[in-house]
Every structure is written in structure tokens, then in C-alpha cells.
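One structure is given below, encoded as C-alpha cells.
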Amino acid sequence: MANSSIDSKTLSSNDQSDSLNCGELINGYLSPLQKHAAFFDRNQDGLVYPWETFQGFRAIGSGIPLSTIAAIFINCFLSSQTRPGKLPSLLFPIEIKNIKRAKHGSDTGVYDTEGRFVPEKFEEIFSKHAHVNPNALTSKEVSEMLKANRVSQDFRGWIGAWTEWKVLYYLCKDKDGFLHKDTIRGVYDGTLFEQMEEEHRSSRKTK
């Protein structure tokens, strides 16, 4: 979920530098999936290193253990997929311009193959799985959705989807155990992480 300075109208697909600006933009803008990833690009160079993933999770209020595990898992899991034709790097960078290449199976389909948001698939999450509250998911309903989305033998997709949704539920459920529709929408449209960072920053100032 991109920093506002990254998601600028001045971005140009004609920029030939090896940076986020020369990524595969949609009509000159970051795709929703790129925005999702770009929040963790703390120095805005188009690459997300493990320490930046760690910093991003800490910025939204995650503890050190979860932030450390997330940094290791996410960067090891995604780095090579976003760097086609390049030798593996021991620094495990993720190239945001190629983040669509890291899209795994067994998911909701809310991002299409180009990283664009698909409203119909988003609404389908709730029409199929939100039984208790039509605008929120319980832990049991998240698990039901994950199971329903599984593709046979797609173990990588199972792991990726399970990790993403369980971490999201852990961080963002309310006091009654509901993960709300607006929160989930914020994950997909590139706004939630920035909002969480601001809330965490504000809460620290009041202590």
C-alpha cells in the first residue's frame, strides 16, 4: 500500500531507470497490488528488502517476533519470482514492478493476473463465506474460505494464502473477533497499512 509520494500523478511509464517508475504501470499509476507491496518500500527505490519488510510490520504495530518471521518468510518466498532472468540474491529483494509475478494460486481472485482489483471477486468473499455478519468474517469463516479456495496440489498457494489471511485476522480483528469488510478492502486497494501506521504513530504519541 503505497506511500503517497510514490503514488504520484507525475509517475511516467517512459522513465527508463531501473526503479519502480519504470515498472508495468496501469495508465501511469501503480496497480492495487503494487500499492499493497510499495508500503514496505521504505526508501522508495522500487525494491523491498527484508529489513524494510520488518520496518513496515513494526510501523503498523506488529511485535518484533512477528515482524521478523514475516520479513524472512515474505522475502524468501517472493524475491526470486519478482526477479525473472536474474541470479538469486542473498539480500532477497522484492521488485515491486514485477510483484504480479509473485501472485500465488489458491487465492480469492480479487487481484487479477495484472494486479488489478476485481470488485466481483471481492464481494464473493462475503456472499459465500460471511454467515454471521454479512460485512465481516469470523476466524472460522476465514478458515472456510481458505479451504474452499484451495487448488489441488498447490501447496505453495495454500501456505501463502493461509499466512496472509491468518496474519491479517490476527492484526485487524475487532474485540468481537470480526474481520470487517472495510478492513479487507483496505488491504486490496492500498490504504490499510498507511492507516494502521498513522494510528500506531498517534497511539505512541499519547503514551
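No value in this document is a laboratory result; all are computed from the given coordinates. This is a predicted model, so every value here is computed, not measured. Neighbour counts are summed over all protein chains in view; Cβ atoms, including those assigned to glycine, are modelled from backbone coordinates with ideal geometry.
Each principal axis of the Cα cloud of segment 26-102 was evaluated for its coordinate range; sorted largest first, these ranges are 36, 28, 18 Å. Using the Karplus relation 6.51 cos²θ - 1.76 cosθ + 1.60 with θ = phi - 60°, the per-residue 3J(HN,Hα) values for segment 76-82 come to 5, 6, 10, 4, 5, 5, 9 Hz, with x marking Gly and Pro.
Other residues within the sphere of radius under 14 Å centred on the Cβ of Glu52, judged by their own Cβ, net out at -2 (K and R +1, D and E -1).
Rg and Dmax, both from the Cα atoms of the chain and both in Å, are 16.9, 50. Across segment 43-56, coupling constants 3J(HN,Hα) worked out from phi with the 6.51/-1.76/1.60 Karplus curve, θ = phi - 60°, read 9, 6, 9, x, 10, 10, 8, x, 5, 6, 4, 4, 4, x Hz, and Gly and Pro carry x.
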